[in-house]
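The values are calculated or read from the model by the stated rules, or taken from the named source; none is laboratory data. From a predicted model like this one, the values you see are computed outputs, not experimental measurements. Cβ: placed from backbone, ideal geometry, glycine included. Neighbour counts: every protein chain shown.
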Amino acid sequence: MAKLVTVANVQDLAVGDGKVLQVRNLEIALFNVDGAFYALENTCCHRGGPLGDGAIKGNSVTCPWHMWEFELATGACVNSPGDRVRTYDVVVEDDQVKVRL
Ligand code: FES
């Protein structure tokens with residue numbers, strides 16, 4: 001059964017930034033877009049690039065390896081329809097960022 005797991009404090013991630021987190025046995029890319037947090041699997045579905053090191057553009061992140069774009073809310077690939085990465089629900093409570101795992 002999925003549980004909320006605290007992965008960061010709100011202050012740990014500035015607006016417009018992303019970071020890679022190791023949570024349990026997962027690598028998760030966490031992003032802050034204008035105060036809204038998004039969590040995706042870190043591994044790009046193209047060839048495994050680190051999405052957490054990618055640049056945010058609007059509501060998407062661009063993989064740093066070959067520039068595929070993924071919607072942060074859905075994980076859907078903009079360049080290759082039908083491809084996607086997993087997303088995780090994010091909840092912010094008392095300045096703590098929690099991901100449902
Ligand atoms: S590995 Fe991400 S676009 Fe190629």
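For the condition away from the ligand (no atom under 16 Å from the Cβ) and acidic (Asp, Glu), what is the one hit in Asp34, Asp53? None of the other options fit; the residue is Asp34.
Here Gly52 does not fit the description of being in contact with a Lys or Arg (Cβ under 8 Å, 6 or more places away or on another chain) and within 15 Å of Arg100 (Cβ to Cβ). Check whether at least one residue in segment 43-50 is away from the ligand (no atom under 11 Å from the Cβ) and assigned to a strand (DSSP E or B), and report yes or no. Within segment 43-50, not a single residue is away from the ligand (no atom under 11 Å from the Cβ) and assigned to a strand (DSSP E or B). The condition (being among the hydrophobic types (A, V, I, L, M, F, W, C), surrounded by 13 or more Cβ atoms within 10 Å (Cβ to Cβ) and either within 14 Å of the ligand (Cβ to nearest atom) or at pLDDT below 95 (or both)) is satisfied by just one residue among Val99, Val90, Val5, Val78: Val78. Could you tell me which residue of segment 56-68 is farthest from the ligand (Cβ to nearest atom), considering only residues that are closer than 13 Å to Ala29 by Cβ, without any contact (Cβ under 8 Å) to a residue 40 or more places away in the chain and surrounded by 18 or more Cβ atoms within 10 Å (Cβ to Cβ)? In this case the residue turns out to be Ser60.
Within segment 36-44, the presence of at least one residue that is touching a Gly at 6+ places or on another chain (Cβ under 7 Å) and surrounded by 13 or more Cβ atoms within 10 Å (Cβ to Cβ) is confirmed.
Evaluating Val92 against the criteria (1) in contact with a helix residue (DSSP H, G or I) (Cβ under 8 Å, 6 or more places away or on another chain); (2) without any contact (Cβ under 8 Å) to a residue 60 or more places away in the chain leaves one unmet condition, (2).
Find the residue count for segment 51-68, including only residues that are more than 12 Å from the chain's Cα centre (by Cα) and assigned to a strand (DSSP E or B). Matching residues across segment 51-68 total 1.
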